[in-house]
Each structure stands twice: as structure tokens, then as C-alpha cells.
Amino acid sequence: MLPRSEFRYSYFAPQPEHDPVQHTAVSLESDIPPVRTIRDIEAIERVPLEERVWSWNLNDWIARGWSLAPDKFALQYVEDGDPRREPVSISYRELAKRSTQAANLFHFLGAGHEDGILFLTPTLPQLYYALLGGLATGIACVVNWMQKPEHLVDLVRSARTRVLVVLGPTPGYDIWENVQKIRAQLPAGLHVLSVQALGGTRLAQTDFDALCAKQPGERTVFERTVVADDVAAYVHSGGTTGSPKLVRLTHRGICYKAWVQAALRGGEREDSIFADYPLFHVAGLLSRGIFSIASGMTVVIPSALGARDRRFIANYWKFVERYRITHFTGVPTTLAVLAKNLPTTEDVSSLKKTATTGSAPLPVETVRELERGLGIRVLLTYGSTEYTTSATQPPREGDPRYGSTGFRLPYTRVETVELDRDGNIARVCGPDEPGIVVVKGPGVTPGYVDPKHNAGVFTSDGYFKSGDLGRIDADGYLWITGRVKDLIIRGGHNIDPMTIEDTLKKHPAVLHAAAVGRPDAYAGELPVAYVQRVPGASASEGELAAFALAHIPERPAAPKEIYFVEALPLTDIGKPDKVNLRFDAARRAFTEVLAAALGARAQLAVEVGPDATHGTRVTVAVSGMAAGCRLDIERRIAGVMKGYSYHYVLRFG
């Protein structure tokens, strides 16, 4: 076991003995030559990882970032996406002080190194203070503040939460009200602190800022020791159809990824980046949070809602110009919008010529539009919460092979495999042979907080089974081809929805597209597509269907229906919300076939949604039927539904 890293920091005191890790002496400038091929990755690995990572205590990395340039702006905050508004600017000296006060407050309230400190707020400066203070004191947990109350109860309990930091009563937000609904169900001894922001009400007795101000900010008043495998943070994964799963992220995993970030991607104190991802997403927590602070960068918060704020996206290039942003970022759906609205008069010369993105597939045409319009090479990484963000990255200096997610990161193993009946690796797939992607390495989570979620997740030799489908070519590039659960299976024919989506996005009228399977009694599923058109475009369903049929290589993959939407529904982190799209496609399908079966006998309403036991539930509500028809209607509905593998509930009104 590696020795524990002890700390009791005095961040800006002149005595060097108070700074046991000598943060300012540690340089993150990489001595690693540029990566061009998989051979360069292998060359890096000839040096043991323990000789490359200077500390396995995440708090050391954060303290180093604070100490690089104390008077530089660490955070610049605009609450509403208006680039003309004067920002609230916080120096690194102030960030260190406020974060240390938060750490001391959490300690005063009884939080220890195994206790969860949970944050329920949009992206505010206070969230950064609480996050960094929480990492110093216990286990930090940033939660999606849009979660339903019943899911919040599960998260608070699972995290063994001692302190809950919540946005107070605020117009336009129901965060505080949702917490009040579940107060009686929360653990005894839990402290709830309120944050006043965004025009909300200050609650004097629980005000986070006021309580922090009573604590010392020069140093932590407690001592703590950390080993590499201690849990640093809980980050939730999933949660679209049920309570999210909390993923354990260790100091080892985050420190390893901080080293990779500095070694392969860059990130120096002169840089600036948008906090456009929410901090409850692993990319927001790490790339826009911890890693940026550890590198001494300036983090610009353009809106409390980040990229979800349409005003910010509409003024994106003005923000870049004003704040001299260097790191071009965004989820693929955001980049698709920006590619259609490139800068005209704004000066965006501060942007670096290489950028990365992830979270969802990025169409090659979007990449080329951004490269033509901005001169920026956008590289698609592959990662997940369970990997502590990215596991692969295209080479910055070599051939990016647009469409691929590049090489595995140094010291991380990525394979495409065939699994046996027990869920273990039966064999590793050959070059360009599709298989299930598995990942192993220092960044991979040791598991979920709830042990029941760990069943079947790891192979017997320690690989995490992603559920993603992909192939690795002869040169080591990983190509993600879809999700096992996203496959559309039409009469035994596996259809990758990306084939449909990528084709439709080539049409000039299409801004976003998402393909899912629609239930079909004969084929099992038929492919359908949801399309958001470019503003002002008028392409018809027939035009897009003909375009897809002409350009999709396999005729069975051509979508049988195209549904236009004003805005493609997205998850809270900007991915197409395919779970709810599948529900909608099923609702349309069952409404159609059941209405045909019932005719004019009754009025019909169909809902499709999640079911805790069966996964999906179809609710069929029947009303307005004539007397004596109930049995006949029940038989007709049963006759239709027996052709589908869906659980259904019949209700009469």
C-alpha cells in the first residue's frame, strides 16, 4: 500500500514548512513527447505510473493550483448568459480562503473522511467552494439538482450524507421546496445549509456564506491522512428512468486522470475554460472543476445553467471574445448548434487549435464544419463516469481518424471482446471485429456505492463491462458503434442507430437526429427517427425519408417513420434522451394498433413509461365505452398485446 499523504495546509503563509508537498515546486508541464501512434502510448508505459504521478492525494493537486498565482482570477461568474454583464470575479487567493472555510465548517458540523457532503445547486461560485472544501473534509457528491424528491432521498441516504448544501428558495427553481418535501425522510443529524443566489431568499440560520465566514480561512483546523484508494467523490451515473447509481471515484483515479490531463491534453495557468457542463456530470466535475483549478486556469461560469441556457449559447462567441477563452468545449449537441452559427465579427483567436468533446457521438460533418470555420481540430474522446471521465483520446499530433475515439490512455487497457455465458471474456476480438468494449486501469471505479449494482459489472479479471459496442482497428483506434441496449433489432437484424443518425445529419435541413426502435408485432422493432430541423428549414418527412433510404447502406435500417420535434429532448448532460424517445415511439405504436383493434367502441389513451419490476410499462386507459362492451374490449386489447413483449396495465374510466 502506498503511504498516506498527510496534510494540514497553510496556503499563503510565508513559512515553507507549512506546505508539506511544496506545491509550487511541482511542474505539470509534460516531458512526454507528442503522441502520434499507439507505439507512443506503449513507450510512455515503460516508466511505472508511480514514478509519474507526484501525489495520490487529490487535495495536494488542488492546493498546488491555488498556490501558482494567488492573485489571478480563478472564477468569473455571470449568472444569466449575458456577455455584457459585469462578472463576479474570484481570485485564487479568495477561492483558497473560501474553500478552506467551507472545509472547516463541514468539519465543525461533524463530517469525517467517510461522510458524504452533498451539493444540490446549479453552477455557482459557492458550488466550487463547497466542492473543494468537501474534498478536503470527506467525500464530495455533486447531485443533479433537477432530480425528483424520491430520488434525492435515495441519493442522500446512499452517500451517507452528513451535510447537504442546497440552493435556497429561489424564483424559477424548486430545489429548496423539493428538499423540504423529503425532510422527514432524511437521516437524523443531517445538516442542511442554504445558498442565497439568483435573486433568491437568504435564510439567516442556515446561510452557507454566513456560516463559512465564521470559520478560519488560512488553514484547515483538522488533520487528515489520505491513501490512494480512499474514495474522494461520489458521482451519479444514469438516472433517466429510476434512481441514479452513485459511482465511487478514488483519489488514485482522479489524480491519475489529472496527470493524464496535464501530460496529453495540456492545461496551463494562462488558459481559460467555460463551466458549460454541469458539475454533477463527471466531465464538469473534473475538466471544468478539479483539473482546471489544479492547473491554475480561469474558469468562466457564463450562466448558472451552463450550456442549458439558450442565451449563453446564442452569445457563445461574444463570451469567447470577452473572456479570451482558450479551451473550446461542449457536448456534441452543443457543437452541432455552434457549427451552424459560426462567429462573424467576434474575435475568437484566443481559442487553441485542438479541442476535445465526449458524452455522445459527434458526426464527422460537424467536425469538418468546425475545422473549416474555426481552424480547430475537434477530437472525440470515449469515457464514462465509471472510468473517471475519458478512457481514450485521438492523438493531437497524429491522424485523428475522424469518427474514431482514438487510442487508449497510457496505463489503461481497452479491449473489444466476446463474453461467455457467465459474463467473462471468452476471447478478445481481432482488428476491426465488433465486440463489447471493456476497460481496466487506475481510473476505473472500484464499484458503485450500492453493492447490488456491482453484480455482473466486472469480469473475473477486473475489466469493467461498458455495454458499448465497438471495434479497434489494426492501428489501435477505437470506434464506438453503439450501445447494446440502443441496438434496434428488426427481425433478428441488428441495426446501429448511429447509421441512421449520421445519414440524416448530412441533410442540410437537419440539426439533430436520434433513432430508436418502435415496437412491431412482426419484426420486433422498426427503426424510426426524431428530427430537429435547422431553424427556417422546411424539409418534409417524405423528403428526409427518401434521403435516408438513398444514403443508408442497408435498406432495413432506413427509418419507417420520421417525427419532427421543435427541440430534440436531451438528458441533463446534453445527450439525446433516447429512453424517453423509446417510450414515445412505443406510445405512438400502441395507440395506433389498439385504436385499430377497438374502432369506435371506446376512447383510448396510452402512456408508456418506466416500471420498477418490468423495466417498461404500457398503461392503456379506456373510457366512453357502451354498456356490456368491457369483456369484448379486454379480449381485443389482450389479443393485440400478446404480440409484444411489453407489460401492460388496463384501466377503465
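The values are calculated or read from the model by the stated rules, or taken from the named source; none is laboratory data. Quantities reported herein were computed from a predicted structural model and do not represent experimental measurements. Note: ideal-geometry Cβ built from the backbone for every residue, glycine included; neighbour counts use all protein chains shown. Protein only, heavy atoms only, side chains kept; ligands, DNA and RNA dropped before computing areas. Shrake-Rupley method; radii C 1.70, N 1.55, O 1.52, S 1.80 Å.
Observations on the structure shown:
- Sites R483 and E218 - FRET efficiency at Förster radius 45 Å, r taken between beta-carbons, to 0.05: 0.35
- Taking the charge dipole of the chain about its Cα centre, with +1 at Lys and Arg Cβ atoms and -1 at Asp and Glu Cβ atoms, the residue from T333, T250, V444 reaching farthest to the positive side is T333.
- Fully extending the segment from T591 to H113, taken as 0.36 nm per residue of separation minus the present Cα-Cα distance, adds 166.8 nm.
- Computed log10 I(q)/I(0) for region 118-188 at 0.12, 0.15, 0.20, 0.28 Å⁻¹: -0.29, -0.45, -0.81, -1.42, from the Debye equation with unit scatterers placed on every C-alpha and solvent omitted.
- Extension gain, K181 to V428: 0.36 nm times the residue separation minus the Cα-Cα distance gives 83.9 nm.
- Environment charge of D520, counting only residues whose C-beta is closer than 9 Å and scoring Lys/Arg +1, Asp/Glu -1: +2
- Convex hull volume per residue, computed on the Cα atoms of region 76-146, equals 80 Å³.
- With the alpha-carbon atoms of region 507-595 aligned to their principal axes, the span from lowest to highest coordinate is 36, 34, 24 Å, starting with the largest.
- With Cα atoms as the point set, the radius of gyration and Dmax of region 399-473 evaluate to 13.1, 42 Å.
- Charged-residue dipole, Cβ positions (Lys, Arg, Asp, Glu), region 91-190 about Cα centre, Debye nearest 20: 180
- Computed as a quarter of the hull surface, the mean projected area of the alpha carbon convex hull for region 28-161 stands at 12.2 nm².
- Projecting the Cα atoms of V534, S272, V299 onto the charge dipole of the chain (Cβ charges, centred on the Cα centre) puts V534 farthest toward the positive pole.
- Estimated D of region 224-311 in µm² per second, where Rh is the Kirkwood radius over Cα pairs and Stokes-Einstein applies at 20 °C, 1.002 mPa s: 150
- Note on T344/F652: beta-carbon distance plugged into 1/(1 + (r/R0)^6) with R0 of 56 Å gives a FRET efficiency of 0.40.
- Percent of C-alpha pairs per 10 Å bin, region 378-511, short to long: 11, 38, 35, 14, 2
- Where the Cα pairs of region 495-650 fall when distances are cut into 5 Å bins, in %: 2, 9, 17, 18, 17, 14, 11, 8, 4, 2, 0
- Relative compactness, region 127-271, computed as alpha-carbon Rg over 2.2 N^0.38 Å: 1.16
- Computed from the Kirkwood radius of its Cα pairs, the Stokes-Einstein diffusion coefficient for the chain at 37 °C and 0.692 mPa s stands at 125 µm²/s.
- Its relative contact order, with pairs defined as Cα atoms under 8 Å and 6+ residues apart, puts region 409-524 at 19 percent.
- With the simple spin-label model, which puts each label point 7 Å out from Cα in the Cβ direction, the D174 to D475 separation comes to 5.2 nm.
- Listed residue pairs exceeding 32 Å between alpha carbons, taken from K352/K465; K485/K506; K257/K578: K352/K465
- Most positive-pole-ward Cα, Y644, Q603, L581, against dipole of region 563-644 from beta carbon charges: Y644
- K352-E634 pseudo-label distance in nm [points 7 Å out on the Cα-to-Cβ vector]: 6.6
- Only helices enter this figure: runs of n ≥ 4 DSSP H residues, each worth -39500 (n - 2.57), summed and divided by the residues of the chain, yield -7500 deg cm²/dmol at 222 nm to the nearest 500.
- Cβ charges +1 (Lys, Arg) and -1 (Asp, Glu), total dipole of region 248-287, debye: 320
- The label point for L190 and the one for A314, both projected 7 Å from the Cα toward the Cβ, are 3.8 nm apart.
- Along its first, second and third principal axes, ordered by size, region 269-387 spans 35, 29, 25 Å in Cα coordinates.
- Projection of the Cα convex hull of region 580-636, averaged over all directions and equal to a quarter of that hull's surface, yields 4.2 nm².
- Annotation: extensible slack from D80 through S540 equals 162.0 nm (criterion: 0.36 nm per residue apart, minus Cα-Cα distance).
- Sorted largest first by accessible area at a 1.4 angstrom probe radius, with every protein chain in place, the residues R421, R490, R64 fall in the order R421, R490, R64.
- Debye log10 I(q)/I(0) for region 609-653, one point scatterer per Cα, at q = 0.14, 0.22 Å⁻¹: -0.37, -0.79
- Here region 344-391 has an Rg and Dmax of 12.9, 41 Å, counting Cα atoms alone.
- Size of electric dipole in region 323-412: Cβ of Lys, Arg +1 and of Asp, Glu -1, about Cα centre, debye, nearest 20: 120
- Of the peptides 125-135, 629-639, 500-510, the order by per-residue mean of other Cβ atoms within 10 Å, starting with the highest, comes out as 125-135, 500-510, 629-639.
- Value of relative contact order over the chain, rounded to a whole percent, pairs C-alpha under 8 Å and six or more apart: 11
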